[in-house]
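I have placed the structure first, in the form of structure tokens, so that the comments after it can refer back to it.
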Amino acid sequence: MNTAGNLPPPGGRGSQCENPATGARRRGRTRPGRWTPYHAIRRSWSKLPPGSTAVVIGVGGLGHVGVQILKATTATRVIAVDTRDEALRLAEECGADLALRSGEGTVEEIRSATGGRGADVVLDFVGADATLRLGAAARPLGDLTIVGIGGGSLPVGFFSVPYEVSIQTTYWGSRPELIEVLELGARGLVRPKTTTFKLDDAMRAYQQMQDGTLEGRAVIVP
């Protein structure tokens with residue numbers, strides 16, 4: 001535990017971090033880029049046995065970590081959805097079983113790929129109006145989990161979403177989940193792709209995020 005008072009609490013953003021399970025310290029930060037998608041996926045584990053399907057929407061940034069976590073912790077089939085070919089290639093490198101370019105017919109493509117059943121779990125790492133509408137690809141009694149904070153809204157009514165679908169937002173996670181995701185990282189099962197920028201180039205990182213050209217997660221260093 002942090003008793004010296006010179007380290008941030010576990011999960012903090014200081015120059016060193018501490019493993020809550022062992023108390024071991026190391027340079028570098030715990031990565032919310034792993035923790036948040038892990039929490040979102042873990043809560044749906046019961047719906048992701050062999051033969052199930054998970055859809056990951058938005059795989060160029062945080063979503064590509066979600067693909068890796070799904071492949072490392074479940075036996076589900078993973079369908080990646082994005083508007084950019086570069087992001088879809090990254091998702092395939094991370095283990096996605098099927099990559100679909102987002103468009104008007106995406107929901108139908110997902111239903112076709114699942115034999116008309118729909119996805120057991122849909123994880124939206126964008127959260128925009130257009131991506132939230134893809135939640136219609138979930139099966140009845142499935143999960144739609146909104147991870148991205150794109151500012152979109154989802155009209156919910158009796159006929160507007162699949163019957164008995166569970167819709168939730170999620171952020172961060174629990175302390176035990178942090179321990180688990182650190183273990184996945186230590187074993188090399190989850191490796192976020194990062195693009196590094198010098199501090200003076202920080203605005204370029206934000207510009208790439210705005211333009212949709214950033215590959216993986218942005219890391220700014222002094």
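The values are calculated or read from the model by the stated rules, or taken from the named source; none is laboratory data. Computed from a prediction, not measured in an experiment: that's the story for all the values here. Cβ atoms come from the backbone with ideal geometry, glycine included; neighbour counts cover every protein chain shown.
Assess whether residue 86 counts as being acidic (Asp, Glu), under 16 Å from the mean Cα position of the chain (by Cα) and closer than 23 Å to residue 193 by Cβ. Criteria not met by residue 86. Counting the residues of the stretch 112-142 that are free of Cβ contacts under 8 Å to residues at least 40 places away in the same chain and either in a helix (DSSP H, G or I) or touching a Cys at 6+ places or on another chain (Cβ under 9 Å) (or both) gives 7. Looking for something farther than 22 Å from residue 96 by Cα, in contact with an Asp or Glu (Cβ under 6 Å, 6 or more places away or on another chain), surrounded by fewer than 20 Cβ atoms within 10 Å (Cβ to Cβ) and modelled with pLDDT of 95 or more - is there at least one such residue anywhere in the stretch 128-137? No, there is no match, as no residue in the stretch 128-137 is farther than 22 Å from residue 96 by Cα, in contact with an Asp or Glu (Cβ under 6 Å, 6 or more places away or on another chain), surrounded by fewer than 20 Cβ atoms within 10 Å (Cβ to Cβ) and modelled with pLDDT of 95 or more.
Pairs linking a residue in the stretch 68-83 that is under 10 Å from residue 97 (Cα atoms) to a residue that is polar (S, T, N, Q) and part of a strand (DSSP E or B), with Cβ atoms under 8 Å and 6 or more positions apart or on different chains, are 76/53; 77/53; 78/53; 79/53.
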